[in-house]
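Here the structure is laid out as structure tokens; the discussion comes afterwards.
The values are calculated or read from the model by the stated rules, or taken from the named source; none is laboratory data. Since the model is a prediction, treat every value here as computed from it, not as a measurement. Quick reminder, even Gly has a Cβ in these numbers, built from the backbone with ideal geometry, and neighbours come from all protein chains shown.
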Amino acid sequence: MTSIDVQELTKEYGTTRAVDGLTFTVRPGRVTGFLGPNGAGKSTTMRLLLGLDRPTSGTATVGGRPYASLDEPLRHVGALLDAQAAHGSRTARNHLLALAVSNRIAARRVDEVLEETGLTKVAGRRIKTYSLGMRQRLGIAGALLGDPRVVLLDEPSNGLDPEGIIWIRELMRGLAREGRTVLVSSHLMNETATFADDLVVLGRGKLLADTSMRDFIEAHSRPRVRLRTPEHDRLRDVLAGKGHALVAGDDGRWTVDGVKAEEIGSIAAGHGIPILELSDEQASLEQAYLSLTAGDTEFAAAAPKPRQEA
């Protein structure tokens, strides 16, 4: 197994507890979104997983072993934490060749990942001439270099253009389909919703959720039904008698909060009220996430005040 296993992981910096007793597992064959507000402990947890920092207590292992104990670690774990980390005076090809040599990876693999990340034509350019998106692609190339079974990516979409965002999304899905373990930290909720199977959510260093995407959204959102009917006055009266409110929308449709479509359909059918459209309206990942983490945001801006004209 190549799962990531975190057990009672704690990290303290002086009097600050950045990670507080975390326990979760990231499974193979799935893309797991790693979410949380700024200061939640996501980056610290990833550093602990990669042996870049030592835990105060607890363990973080890959395939049952600490990262620091792995021989030729790039063959086991690929990671992108900082796209700016590569030496700017090196060319992309030489940067990847240095990584390959240090982990006994064949030089031909460098050309393969350059091709896979779309950098072949600029592989001979110095990294300091690269845009942020190009550096991001180079970081991903480095993460894939050893053909690892475990991949950790921190904000992989940062700096990428729309084509690049679609590419990285499909790349992550493809890695999971091959049975690899993929952990992706991101602040982009709408983007995370397009690729993640599971979610691990942190707040102030503590675990807030460890579940599937579907279960997370259902657990942190209120059911709502959207419908169309030519007899909305009759339906409004019937629903009012059962404690439900029919609310008009801006698009000619109506909504009912706190109920499922199945129940509304049954009520309408029982009273002979025609329904032209009926569906459950699911909250977005962003809405569910904000509902869960509202009290765990370390840095929150005040609501903007209306500007007064001079």
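When the range 60-115 is limited to residues that are of a type in the set (Gly, Ala, Ser), in contact (Cβ under 8 Å) with a residue 40 or more places away in the chain and assigned to a loop (DSSP other than H, G, I, E, B), the one that is nearest to Ser3 (Cα to Cα) turns out to be Gly63. For Arg75, the requirement of being touching a Pro at 6+ places or on another chain (Cβ under 9 Å), surrounded by fewer than 21 Cβ atoms within 10 Å (Cβ to Cβ) and under 27 Å from Arg169 (Cα atoms) is met. Consider the range 264-310 and keep the residues that are surrounded by 10 or more Cβ atoms within 10 Å (Cβ to Cβ) and charged (D, E, K, R). The one that is modelled with the lowest pLDDT is Glu298. Do we have Gly139 as farther than 21 Å from Glu163 by Cα and in contact with a strand residue (DSSP E or B) (Cβ under 7 Å, 6 or more places away or on another chain) here? Criteria not met by Gly139.
The selection criterion, being of a type in the set (Lys, Arg), under 25 Å from Val6 (Cα atoms) and surrounded by fewer than 22 Cβ atoms within 10 Å (Cβ to Cβ), does not hold for Arg126.
Among the residues of the range 226-246, those identified as more than 18 Å from Pro274 (Cβ to Cβ) and without any contact (Cβ under 8 Å) to a residue 12 or more places away in the chain are Ala240, Gly241, Gly243.
Please work out if Asp53 is out of contact with any strand residue (DSSP E or B) (no Cβ under 9 Å at 6 or more places or on another chain) and of a type outside the set (A, V, I, L, M).
Answer is no for this residue.
Inspection of the range 70-81 finds no residue satisfying the criterion of being touching a Phe, Trp or Tyr at 6+ places or on another chain (Cβ under 6 Å) and over 19 Å from Leu138 (Cα atoms).
Taking the conditions (1) within 19 Å of Met46 (Cβ to Cβ); (2) at pLDDT 95 or above; (3) under 18 Å from the mean Cα position of the chain (by Cα) in turn, Leu145 satisfies each one other than (3). Got a number for residues in the range 1-20 being assigned to a strand (DSSP E or B), surrounded by fewer than 20 Cβ atoms within 10 Å (Cβ to Cβ) and touching a residue at least 12 places away in the same chain (Cβ under 8 Å)? Final tally of qualifying residues: 7.
Just to be sure, is Ala193 of a type in the set (A, V, I, L, M) and surrounded by 20 or more Cβ atoms within 10 Å (Cβ to Cβ)?
Values: of a type in the set (A, V, I, L, M): yes; surrounded by 20 or more Cβ atoms within 10 Å (Cβ to Cβ): no.
So Ala193 fails the test.
Could you list, in sequence order, the residues of the range 154-171 that are aliphatic (A, V, I, L, M) and within 15 Å of Ala83 (Cβ to Cβ)? Matches in the range 154-171: Leu160, Ile165, Ile168.
Among the listed residues Thr44, Thr23, identify the single one that is under 15 Å from Val200 (Cα atoms) and in a strand (DSSP E or B). Write out each step before concluding.
Numbers: Thr44 fails: in a strand (DSSP E or B).
Result: Thr23 is the single residue among Thr44, Thr23 that is under 15 Å from Val200 (Cα atoms) and in a strand (DSSP E or B).
Determine whether Arg27 is among the basic types (Lys, Arg) and at pLDDT 95 or above. So Arg27 passes the test. Candidates are the residues of the range 236-250 that are farther than 13 Å from Val225 by Cα and not basic (Lys, Arg); the one that is surrounded by the most Cβ atoms within 10 Å (Cβ to Cβ) is Val238.
Counting the residues of the range 156-176 that are in contact with a Ser or Thr (Cβ under 8 Å, 6 or more places away or on another chain) and either crowded, with 19+ Cβ neighbours inside 10 Å or part of a helix (DSSP H, G or I) (or both) gives 6.
Hand me the list of strands (runs of 3 or more DSSP E) wholly inside the range 192-231 holding 3 or more residues that are touching a Lys or Arg at 6+ places or on another chain (Cβ under 8 Å).
Details: elements: 198-203, 206-212, 224-228.
Strands (runs of 3 or more DSSP E) meeting the threshold: 224-228.
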